[in-house]
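To start, the structure itself, in structure tokens.
All of the numbers you see were taken from the coordinates with simple rules; none came from a lab. Just so it is clear, the model here is predicted, and its values are computed rather than measured. All Cβ positions, even for glycine, are placed from backbone atoms using ideal geometry, and neighbour counts span all protein chains on display.
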Number of protein chains: 2
Amino acid sequence: MNTIFKALNDETRREILELLRKSDLTAGEIAEHFNISKPSISHHLDLLKQADLVTSEKKGQFVVYSLNTTIVDDILKWLLTLKKQ
Amino acid sequence: MNTIFKALNDETRREILELLRKSDLTAGEIAEHFNISKPSISHHLDLLKQADLVTSEKKGQFVVYSLNTTIVDDILKWLLTLKKQ
DNA sequence: TATATATTTAGACAAATGTCTAAATAATAA
DNA sequence: TTATTATTTAGACATTTGTCTAAATATATA
């Protein structure tokens, strides 16, 4: 739970998730959307992976990232209990 | 959005929200639940207030805190769009 | 008024975070 | 093999964060 909230606590990482909602992207394609160095984006992707919010697959020299929405359910559940009663 | 995720990115603050789900509590009552100094708890409450996740009302020498679940809806909405398609 | 209780503010400090550049690793192409 | 492209790792650095103690503020009580 901690890892997920930590991963979501950054505007850049949340935007990455929004990009991946539309389609899978390579690390380079993701980096193109931001005014941030590639190593920094790589670090953001690592945190998203640690939270299991994204998955990655090596395809040749590229690494393709995908959104993993099943993890989002955990937060949804936690937030919904807050609203109960 | 940033303020809300920032507020949620801390175990102590999430536990405070869970406590307030059950009932309103004074700052002192909240502090009793943790092994953390009262000033630190006060600071956590301030961040939760900044995010509008809690409201506070002065009652005599006490300050009573309450959960504000309407803000939770904003995050729920954001998370649900991630899951669409 | 003087004292006690509840809470916040101020300021310090160590740890965590986001960013960068330079270098390393891995795969493709010449 | 050598050069090029894609990505990550390593290490540095400034900023933010969570915590503390001491002091300030506000209310209630003797």
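Brief remarks follow.
- D_trans [Stokes-Einstein, Kirkwood Rh over alpha-carbon pairs] for region B:2-83, 20 °C, 1.002 mPa s, µm² s⁻¹: 164 µm²/s
- Summing Cβ point charges (Lys, Arg +1; Asp, Glu -1) relative to the Cα centre of region B:2-83 gives a dipole of roughly 120 debye.
- Dividing the summed helix terms, -39500 (n - 2.57) for each DSSP H run of n ≥ 4, by the number of residues in chain B produces a 222 nm estimate of -17500 deg cm²/dmol to the nearest 500.
- Shortest-first distances to equivalent copies, position B:PHE62, nm, label 7 Å out along Cβ: 6.1
- Of all chain A residues, the one whose Cβ lies closest to the rotation axis that maps A onto B, given with that distance rounded to whole Å, is A:ASN9, 2.
- Note on A:LYS59 and B:GLN61: with the Förster distance fixed at 45 Å, the Cβ-Cβ geometry gives a FRET efficiency of about 0.10.
- Calculated FRET value between B:ASN68 and B:SER40, using beta carbons and R₀ = 30 Å, to 0.05: 0.90
- Dividing the mean sequence gap of close Cα pairs (under 8 Å, 6+ apart) by how many residues chain B holds gives a relative contact order of 32 percent.
- Calculated FRET value between A:LYS77 and A:THR26, using beta carbons and R₀ = 35 Å, to 0.05: 0.65
- Spatial separation of Cα centroids for region B:20-42 and region A:65-81, in angstrom: 28 Å
- Distribution of pairwise C-alpha distances over the protein assembly as shown, 10 Å bins, in %: 9, 35, 28, 17, 8, 2, 0
- A label point on B:THR3, set 7 Å along the Cα-to-Cβ line, lies at 3.1 nm from each of its counterparts in the other copies, closest listed first.
- Copies compared at B:ASP74 - label distances in nm, ascending, label defined 7 Å from Cα in the Cβ direction: 2.5
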